[in-house]
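A short write-up of the structure that comes next.
The values are calculated or read from the model by the stated rules, or taken from the named source; none is laboratory data. Values in this document were obtained by computation on a predicted structure and should not be read as measured data. So basically every Cβ, Gly included, is an ideal-geometry build from the backbone, and we count neighbours across all protein chains shown.
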């Protein structure tokens, strides 16, 4: 049985979560603060959520990103992407990132072609000394001519 927070895609007959369902799940994760291993797959999944939720309220996703392993996982995943532009949605400015290589040993997880990362999140990773964030910042500066 489908919950009220899902709908069925008529083309695939697969239940997909609605925005309320995703936010509810993210809020629960933020509240419970589970232990995560640092992994590129987790980082990619979070950046995919930023892309998919860019026009929505990002408060629950931001709370999940306050978890150390999640923040570090985003930093690890940055090596899979290169800058592909800037997007502004709602009140946030996002760096659009284009895939340059796929996850290794992804166990069926498909690396998306494009993900988003809030500019403020990239800045935080850069300030904390993340080498992948530093490389992306350098690319962005070169592309913008600053």
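Brief remarks follow.
- Test: residue in the range 52-73 that is touching a strand residue (DSSP E or B) at 6+ places or on another chain (Cβ under 6 Å) and either modelled with pLDDT of 95 or more or assigned to a helix (DSSP H, G or I) (or both): no
- Restricting the range 3-51 to residues that are at pLDDT 75 or above and assigned to a loop (DSSP other than H, G, I, E, B), the residue that is surrounded by the fewest Cβ atoms within 10 Å (Cβ to Cβ): 35
- So residue 100, is it touching a strand residue (DSSP E or B) at 6+ places or on another chain (Cβ under 6 Å) and either loosely packed, with under 13 Cβ neighbours inside 10 Å or under 17 Å from residue 38 (Cα atoms) (or both): yes
- Filtered residues of the range 113-142 (kept if more than 15 Å from the chain's Cα centre (by Cα), assigned to a helix (DSSP H, G or I) and free of Cβ contacts under 8 Å to residues at least 40 places away in the same chain): 126, 127, 131, 134, 137, 138, 141, 142
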